[in-house]
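Working notes, structure below.
The values are calculated or read from the model by the stated rules, or taken from the named source; none is laboratory data. Quick caveat, the model's predicted, so the values are computed rather than measured. Side chains are part of the model used for accessible areas, which takes the heavy atoms of the whole protein and leaves out ligands, DNA and RNA. Shrake-Rupley method; radii C 1.70, N 1.55, O 1.52, S 1.80 Å.
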Amino acid sequence: MSAESTPEPGIPGTGPNVPGRSGKGRRRKPPGRGRKALLVTAWTAAGVLVLGGTGFGYLYFKLNGNIKSVDINQALGADRPAKADNGSENILVLGSDTRSGGNKKLGGGTDDGSARSDTAMIVHVYKGHQRASVVSIPRDTLIDRPACKDAQGTSHSAATGVMFNSAYSTGGATCAVRTVEAMTGVRMDHYLEVDFSGFQKLVDELGGVEVTTTKAIDDPQSHLDLKAGKHSLDGEQALGLVRTRHGVGDGSDLGRIQLQQAFVKALMEQVKQVGVFTSPKKLFDLADTATKTVTTDSDLGSVNSLVDFANGLKSIDSKNMHMVTMPVEYDPSDPNRVIVAEAKAKQVWTALKKDRPIPASATKGTATGEAKGVVTSS
């Protein structure tokens, strides 16, 4: 949930935390929490339309009350990149959690009660809504964070040489959006945030996700032990997969992103195969969990808005989704951190602004992890 949201049962509260440049290296840091339930959330929200058409319309009000939203536009004001006029959309998607209560039990870490965002991606939906590009932003990227105001109007000073994920822990959703727009020059049309524990529940209610691992993955820190071969991951295993750093590859955040991106594609394939529309109860359970799990910008802060949004994404499948990592290189003064490869990153942001495919040259020769191909769709 977002730092601006009011806690509800099962969704822990949040607090400020500002990670800086110093800290343990990328092979020694505790595992982060990546979760990418964007398409599951949108898809299950669309199911509310079916509920309304089969005599369960009164449940709309319960689901509508589950959704939390943040008024990004009011908080950020007019000093933002211009909206695109080419029919495309850009959505900032964050995965967030607290280090307290049920989330601590699931993911470990220090029980400091704070909220953090360890997964971030920009989803660009092209004109016609048949294709999309996803740009993952490594949380350990050193950036210059702009001054910003959170949703309560509290001002936060600019900072130099801090990790990207400090934007969210400093000022929540609005500071995260401000930072991404300052980095990219691209307007974020929408904001979606998915809670750590909610991700696990969504996967369990979908009946698991089928993947194939080409190598064994063993990471006690993320409670994950998978042999090479086919697996039907339950929620806990899925959560372990998308947050593992030490079980495969070089132990870096970049390798973890490669696993996350592979899991997203497997998740999309699973969603297409699950026949929840034949079971009103199963559909409602999914929609109830999804709407409790998500925090949105105010423009998506209702079931009707989420239904419209989901309908705009339903034609995009995993084959039409291009996933990349923001071009970065290792920081010469600290190999445990990365910095933006500015010239190549500019190619990415220009492509999104012009609603064009991201050129292969934009990511060629940049820093990468060593987990590509370890996880595939079954």
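For a test of the definition: using alpha carbon positions, the gyration tensor, and the 1.5 limit on a/c, classify the stretch 119-260 as rounded, prolate or oblate. Since a/c reaches 1.5 and a/b is larger than b/c, the shape of the stretch 119-260 is classed as prolate. In order along the stretch 166-182, phi translates into HN-Hα couplings of 5, 4, 5, 5, 7, x, x, 4, 5, 6, 5, 5, 4, 5, 5, 5, 5 Hz, rounded to whole numbers, per the Karplus curve 6.51 cos²θ - 1.76 cosθ + 1.60 with θ = phi - 60° and x for Gly and Pro. Taking amide H atoms as placed 1.01 Å from N in the peptide plane, the amide H of VAL70 lies under 5 Å from those of THR296, ASP297, SER298, each 5 or more residues away in sequence or on another chain. For the stretch 258-378, the square roots a ≥ b ≥ c of the C-alpha gyration tensor eigenvalues yield an a/c of 1.5 or more together with a/b exceeding b/c, which makes the shape prolate. Solvent-accessible area of PHE309, all protein chains in place: 10 Å² (probe radius 1.4 Å, heavy atoms, ligands and nucleic acids excluded).
Backbone phi angles across the stretch 320-332, fed through the Karplus curve with coefficients 6.51, -1.76 and 1.60 (θ = phi - 60°), yield HN-Hα couplings of 9, 10, 9, 10, 9, 10, 3, x, 9, 9, 5, 5, x Hz in residue order; Gly and Pro are listed as x.
3J(HN,Hα) couplings calculated from phi for the stretch 281-293 with the Karplus curve 6.51 cos²θ - 1.76 cosθ + 1.60 (θ = phi - 60°) are, in sequence order, 5, 4, 4, 5, 4, 5, 5, 5, 5, 4, 6, 6, 7 Hz; Gly and Pro show x. Listed cross-link partners LYS201/LYS314; LYS227/LYS281; LYS127/LYS215 are compared with a 27 Å cut-off, the Cα-Cα value being larger for LYS227/LYS281; LYS127/LYS215.
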